[in-house]
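Inspection log for the structure reproduced underneath, given as structure tokens.
Just so it is clear, none of the values below were taken in a lab; they were calculated from the coordinates. Because the structure is predicted, anything quoted here is derived from the model rather than measured. Because the Cβ atoms are built from the backbone with ideal geometry, glycine has one as well, and the counts that use them run over all protein chains shown.
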Amino acid sequence: MTKTTRGGMTEARKHAGTGAGQSGSWQRFFPSLMAYAVVVVAAIAVMGSGADYVGPDNDDVMRLVEVRDFLAGQGWFDLKQYRLGLDGGTLMHWSRLVDLPIAGLVRLFQLAGETQERAEALALAVWPLLMAVLFMVAAGLGGRRLGGAATMHIAFGLAALSVFTSLKFHPGAIDHHNIQMVVMMFLAASLVERREGPSHAIAGCLAALAMAIGAETLPLVAVACACVAVQWAVHGTAFSRKAGQFGLSLAISISLFFFATVPPSAYRVVTCDNLSLGFYALAAVGGGGLFLLARFGGHAGVPGRLLLLGLLALVVLGTAMVIAPECLANPLAGLDPMLQELWLSKVSEAQPVLSQIRLAPEAAGGFYAVGLFAIAVCIFRALDFRGEDAARVEQHMLLGALLVAALAVALIQVRGAYFSNALAILPLSLLINDLRRTSHAEPENMNAGFAYIVTVLASVPVVWFFAGIVGARGLEASLSMNALTQAATPMQAENGCRSEADMALLKRLPARTVAAPSDSGAAILRFTHHRVLSAPYHRNQAGMLTELHIGLATPAEAKAFLDGANVAIIAFCPADPQTRDLIRLKPDGLYAHLARGDLPEYLRPVAAAMTGFQLYVVRPR
């Protein structure tokens, strides 16, 4: 018989996250995971992945190009894309830590006798599905630690829905967003663990891994570190072991990742978009400092520990100002104004909240509502303090802080919604479980049942997408899974001149430098042997600006840009949105002339094929 304690909390709930019920929930964990994983993977397979085995995002294509170069012998430390940009190539900011396992899968399937294309297709199907399963593992683990087996099942269910409706976990998605979501979910699941053990040491390693993969999660990692530090300041020696494990693990792990992925020649180089001396110094100083404070300062009392943390924060801030002052500002603040207007303002994942609402209001709820709901839940449940449940309050405060950081990123760039929607699974799973228990205990209480149903629906991003599409386009337009999965991805620009068919004629021409729209750049690198001036990456500013100037300049002026960049082929794409913008801005520019069929004498058209590109060979000077 269930015993009720003070404040209405059942003994089952009181002990759900403690050792009392751990062995039983562990026995159910893996069979439950397998059931959910099999259903989700089968459902995604039934949906199909489209005609192309690479995802629709430019980053998916560029990642495949990097993996091919790595397998072809490009060095581990050499991240330069030699066929992109002006002479000398473009140094990319992505991590080999993501290239390596994908390349390993491709090589494994090749060793099994598959052709290169088939091996790539299999690897690009396996990798995102593996990330999907790991995402469910992290969600279920966090749910089990928060509320036992029942909460674990709800977390599995919400994670399964998230995976099924997100293109980031579908075959072909090999950019780093899916692995970042997995890492952040495991980080949150590790930090909410109440029991003694290695969870906080694992969390420190995960925080370092997130920084090594990409800078997008840096705000969340910083908040996670601050939460651990504040917990130590509040609890003192009772939390010293966990805080010390986290700090030492962070310092050691970030050192290992730094020396494993940064070439010796770049040890003193500071960049703000990937792991370099700047982020390494901050993480090592902060993690090492927290370890020392936890080791020797636990008996200082709360005011003393807060003072010590304040001094450590000043040391970390001073380190940032001395070593990497530029990283305290927006890393894209130095972007050329022309690129800001003609490129960055049109990048789907970089849209701020007001632009997202203006351009695709039907999708705004799916990106922001669940995160806001989860933050509200964390706040109200933390305020609903019960003396015997202080640890539960602390868990909600920690998850709420992570959610606030993720949603703040999403308000600036909608890509942050990936993380806020993912992290929301944990507190909302616990709430749903508590409401379910209340509803079952009081079946005659209609309000309890209604609250349970509404909470379940409000916790699923795809429900908000569905409601938005129904409101904007009607019920019939919303009954397609394609509509829902596309809505769950930030606004996609029209695809033009990016398919293999579009590249067929270009592929037959001798290898040269091509001027083409930036959205076509990664596809040209993938399907052809040419080098291309432009692809949509902020480190390729010079190449992108050159292509824009070529399109905007008068035909006579454009020849100087073409010769200066050694461009031998113009791949003109009338359907490309950026090209249309250039034509509208400069009716007397080269692209406008090409759109009218008015060719300058230095361009020779290539025999036309039924593709998106119109190809022109530049006559030598």
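How high is the relative contact order of region 315-403? Use alpha-carbon pairs under 8 Å, at least six apart in sequence, and give a whole percent.
Averaging sequence separation for qualifying contacts and normalising by length gives 16 percent for region 315-403.
Eigenvalues of the Cα gyration tensor times 5, then square-rooted: what semi-axes does that give for region 110-156, in whole angstrom, largest first?
Semi-axes (√(5λ), whole Å): 35, 7, 6.
Using the C-alpha atoms of region 151-257, what convex hull volume per residue, in cubic angstrom, is computed?
Expressed per residue, the convex hull around the Cα atoms of region 151-257 is 110 Å³.
Would you mind finding the longest exposed-site-free stretch of the chain, with exposed GluC sites (Glu not before Pro) meaning DSSP loop and at most 11 other Cβ atoms within 10 Å?
Longest gap between qualifying sites, sites excluded: 197-443.
Set Lys and Arg Cβ to +1 and Asp and Glu Cβ to -1, take the dipole of the chain about its Cα centre, and tell me which of MET211, ALA37, LEU292 lies farthest positive.
LEU292
Add -39500 (n - 2.57) for each DSSP H run of 4 or more in the chain, then divide by its residues: what number comes out at 222 nm, to the nearest 500 deg cm²/dmol?
Value at 222 nm, helices only, nearest 500: -21000 deg cm²/dmol.
Counting other beta carbons within 10 Å of each residue's own, what order do VAL370, VAL567, VAL462 fall into, fewest first?
VAL462, VAL567, VAL370
Let me check the size of the chain from its C-alpha atoms; what are the radius of gyration and Dmax in Å?
When restricted to Cα atoms, the chain yields Rg and Dmax of 26.3, 91 Å.
Which is the longest stretch in the chain that no exposed loop site breaks, taking sites as chymotrypsin sites (Phe, Trp or Tyr not before Pro) with a DSSP loop state and at most 12 other Cβ atoms within 10 Å?
Between exposed loop sites, the widest span is 386-621.
Let me know the shape class of region 500-618, please: from the alpha-carbon gyration tensor, a ≥ b ≥ c as square roots of the eigenvalues, rounded when a/c is under 1.5, otherwise prolate if a/b is greater than b/c, or oblate.
Verdict is rounded for region 500-618.
Hey, can you list the DSSP H helices of the chain whose Cα span along the axis is 30 Å or longer and whose average Kyte-Doolittle score is at least 0.5?
The qualifying helices are 22-47, 116-164, 237-261, 302-323, 361-383, 390-412.
Straight-line reach only, C-alpha to C-alpha below 15 angstrom: list the aspartates and glutamates that LYS586 could link to, leaving out same-chain residues fewer than 8 apart.
Hits, sequence-local ones excluded: GLU341, GLU547, GLU557, ASP598.
Based on other C-beta atoms within 10 Å, arrange LYS346, LYS80, LYS168, LYS242 from fewest to most.
Least crowded to most crowded, the residues run LYS80, LYS346, LYS242, LYS168.
Given points 7 Å out from each Cα along the Cα-Cβ axis, report the ALA35 to ALA238 separation in nanometres with one decimal.
Calculated label separation equals 3.7 nm.
List the cysteines of the chain that have no other Cys Cβ closer than 4.7 Å: which are they?
Result for the chain is CYS205, CYS225, CYS227, CYS378, no neighbouring Cys Cβ within the cutoff.
In Å, what Rg and Dmax follow from the Cα atoms of region 308-411?
Expressed in Å, the Cα Rg and Dmax of region 308-411 come to 19.1, 59.
Taking each pair of different alpha-carbon atoms in region 201-331 once, compute 1/r for the pair, average those values, and report the inverse of that mean as the Kirkwood hydrodynamic radius in Å to one decimal.
Kirkwood radius, region 201-331: 14.7 Å.
Calculate, axis by axis, the spread of Cα positions in region 92-221 along the three principal axes, and write the results as whole Å, longest axis first.
Answer, in whole Å and largest first: 49, 31, 24 Å.
Neighbour counts of other C-beta atoms within 10 Å: give me SER420, SER345, SER253 arranged from fewest to most.
SER345, SER253, SER420
With the contact rule set at Cα under 8 Å and sequence spacing of 6 or more, what percent relative contact order holds for the chain?
Worked out over the chain, it gives 13 percent.
Which value results when the Cα radius of gyration for region 332-492 is divided by 2.2 N^0.38 Å?
Computed over Cα atoms of region 332-492, the ratio equals 1.21.
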